[in-house]
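Worksheet for the structure shown next.
Quick note: the coordinates plus some simple rules give every number you see, no bench work behind them. All figures in this text were calculated on a predicted structure; none of them were measured in a lab.
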Amino acid sequence: MSEKELIQNILRMAGEDRNLVERACDFAQQKHAGQTRFSSEPYFVHVLHTAYILCELGSSSTTIAAGLLHDTMEDAGVTYKEIEELFGGEVAFIVEGVSKLGKLRYHGADRHNESLRKFFVAMSQDIRVLMVKLADRLHNMRTLAFIPETKRLRIARETLEIYAPIAYRLGIRKINRELEDLAFPFVYPEEYKKTIEFVKSQAGGKDQEDLEKFLRSIKKELALSKVPVVRTEYRVKGLYSVFKKISRRDKQNIYDVLAVRIITPSTDDCYRALGVIHASWRPLPGRIKDFIAFPKPNGYQGLHTTVLTGSEQTVEVQIKTEEMYLDGEYGIAAHASYKETGGRAKGQGFKWISGLLSGSAMRNHSDAKDAPKWIKELVEYQKTKGSPMTDELHGDFFSHRIFAFTPNGDVIDLPINATPVDFAYAVHSEIGDHIHGAKVNGKMSALDTPLANGDIVEILTRAKSKPNARWLNFAKTASARKRIRMKTEKKEAADKKAPRKKAR
Ligand code: MN
């Protein structure tokens, strides 16, 4: 897409406040004038792509405007105040959040990745900050080949370890899949090649023509049984997702490399469609999964089965409603959009997803009545508070947790009111056992100081220092308490056994 086409498309999908988006677009163009990317393209093109991805997610005008402005603070010296005055507090808040997140660095310490992901979400405070950051990262990954080789690996790893899982958690499978597949060849080049070979061998005889033929006969059977179908499609499993599956289970066969999807108007129709399909094609035992009655932890819903299509070929069939489909592909993005704009989705929000969306499907979707519980709560919360703060989401991810740093940037995940003693034991029991003192944000601090989110904690150790039973009065983590008890009891026992020199 040319620069001009991008702008046209963004304005077409700009949502309720087209004027805001248009002004943000002009402002970004002006501020990034003369700047170029590694690809030698104008920098402005990057922010256009970022905004366009946000449009594709059905974002609101506010989020799209923030997408256009997301690098103006960091790279063009624009201030928070300036953005606030020109585009309002919400846009400024999102842009600031994105700029802050840009400063976080991934250190590749595997054991803390989960904590870093949580911290990342906590830092972002607002789901829209994450959306802009994900869109920004997606475009950066699409153009990764232009970035100097020395930086490439770090960015690709960070994408695989931090960004892709966040997209997955938020249920935005579409972005999750693309991020994974863009990063995969850079992070694991050998495994990538092997996975391609594997997929080729699995897909073997099943080419597109076979699948189309199979889909035609499914549609025929469903029509004969009067089960309504909104539409059908194929889905090819992401390569990284295949790789994870083969390495996890050491499996020779993966049945869902290729899958067909059947979208029906109602949940009832899903079950009827499954019955018709099983009556016509033999299902593989153990491959029938009811994610409608038992949704996946991230809220995913649908019926899955694997059937023999004849000549020993198997195909996974996924049956779901349009709402389940939208939730599965766009997750919180679909709901965030609904939340922000009230009824906008009815008119235009999701039109781009599929020209085949029926009006009733969209209306039902706007009711969000089948949304995963935590998303519903989030939507409710934001409606009543009118605030973008995602406390409900926080509750889900961070009930009573804080995140502190080691001096070299590792994130330590701790319960609220945890102390330097808990921190030390969380890093390593040997460090806990030899605490001599602690510096919090560079200042010597008492060992019972409650730590706060984002504190940098340095533990000073001495070989002769030992745990003290008094620490039990303030240590919060089970691991620290257990170890302190063990060490101090041993000492007491040893003291009792030892001959009392003074008594003699
Ligand atoms: Mn950017």
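Can you list residues whose amide H is under 5 Å from L460's amide H, if they're 5+ apart or on another chain and H is modeled 1.01 Å from N?
Those lying under 5 Å, H to H, from L460 are H436, G437, A438, K439.
So what are the three principal axis dimensions of the range 34-81 from its Cα atoms, in whole Å, longest to shortest?
29, 29, 11
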